[in-house]
1. Of the residues that sit in region 131-143 and are over 15 Å from the mean Cα position of the chain (by Cα) and over 11 Å from Lys169 (Cβ atoms), which one is surrounded by the fewest Cβ atoms within 10 Å (Cβ to Cβ)?
2. Select from region 143-170 the residues that are touching a residue at least 40 places away in the same chain (Cβ under 8 Å) and in contact with a Ser or Thr (Cβ under 6 Å, 6 or more places away or on another chain) and list them in ascending order.
3. Limited to region 49-68, what total is found for residues that are touching a Leu at 6+ places or on another chain (Cβ under 7 Å) and under 20 Å from Ala114 (Cβ atoms)?
4. If we only count helices (runs of 4 or more DSSP H) wholly inside region 32-146, which ones have 2 or more residues that are small (Gly, Ala, Ser)?
Amino acid sequence: MRVNQIRDFVISYLVNHLSKDDVVIDATIGNGHDTLLLSDLSKYVYGFDVQQQAIETTQELLNDHQVSNYKLIHDSHENILKYVKDFKAVIFNLGYLPNSNKEIKTNKDSTINALNSLVRVMKQDSFVIITCYPGHDEGFIESEAIMKFVSNLDNSFTTLKYTVLNKNKSPFVILIEKNR
């Protein structure tokens, strides 16, 4: 599966499940493309990243598009709830910042910590979308931990996996929906 097909799935889901009344979180802003999309689909976006380069690149992209309904936060996604308490959706695009230092990447500990805190406060009809990249060692470990985590959520959640079944280690999407 091409990464673009994964992105198309995520975009389609977001377009069909977000409104201009929603507050959303981009948990890993990277180069800002998801943040830009979310700013168009929602009322307000909080964007997080641990890398100053990601903050600066995203800021420039949003300025270029004259976007004003956002706040960028230079912090880990595991600290989201220190800044935002109420949200409709959280989007994770895991791994490393494209065209940058591949040694700096998300990891299972911070991602599972973030998910643990988020699922505790999710309200009915809120959701989390996670794009996983198991093609590199840390990404594989992180992906496996996420799969174990979502498989053990109680039945107040629905968890889905969008994947290619006949290509080992291809990117995939995990969706967590809060039902009640």
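The values are calculated or read from the model by the stated rules, or taken from the named source; none is laboratory data. No experiment lies behind these values; they were computed from the predicted model shown. Please note: Cβ atoms are built from the backbone with ideal geometry, for glycine as well, and neighbour counts cover all protein chains shown.
1. So the first thing to find is which residues in region 131-143 are over 15 Å from the mean Cα position of the chain (by Cα), and the list is 134-138, 140-141.
Those left that are additionally over 11 Å from Lys169 (Cβ atoms): 138, 141.
Details: Glu138: 18, Ile141: 14.
Per the criteria, the residue is Ile141.
2. Hit for region 143-170 is Val164, nothing else.
3. Quick first cut of region 49-68, residues touching a Leu at 6+ places or on another chain (Cβ under 7 Å) only: 51, 53-55, 58-59, 61-62, 65, 67.
Those left that are additionally under 20 Å from Ala114 (Cβ atoms): 51, 54-55, 58.
So the answer is 4.
4. On the way: elements: 33-41, 52-64, 108-121.
Qualifying helices (runs of 4 or more DSSP H): 108-121.
Listed here are the residues, each with its yes/no results for (1) surrounded by fewer than 17 Cβ atoms within 10 Å (Cβ to Cβ); (2) at pLDDT 95 or above; (3) of a type outside the set (Ser, Thr, Tyr).
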{"residue": "Val3", "(1), (2), (3)": "yes, no, yes"}
{"residue": "Ile6", "(1), (2), (3)": "no, no, yes"}
{"residue": "Ser12", "(1), (2), (3)": "yes, yes, no"}
{"residue": "Val15", "(1), (2), (3)": "yes, yes, yes"}
{"residue": "Asp21", "(1), (2), (3)": "yes, yes, yes"}
{"residue": "Gln53", "(1), (2), (3)": "yes, no, yes"}
{"residue": "Glu60", "(1), (2), (3)": "yes, yes, yes"}
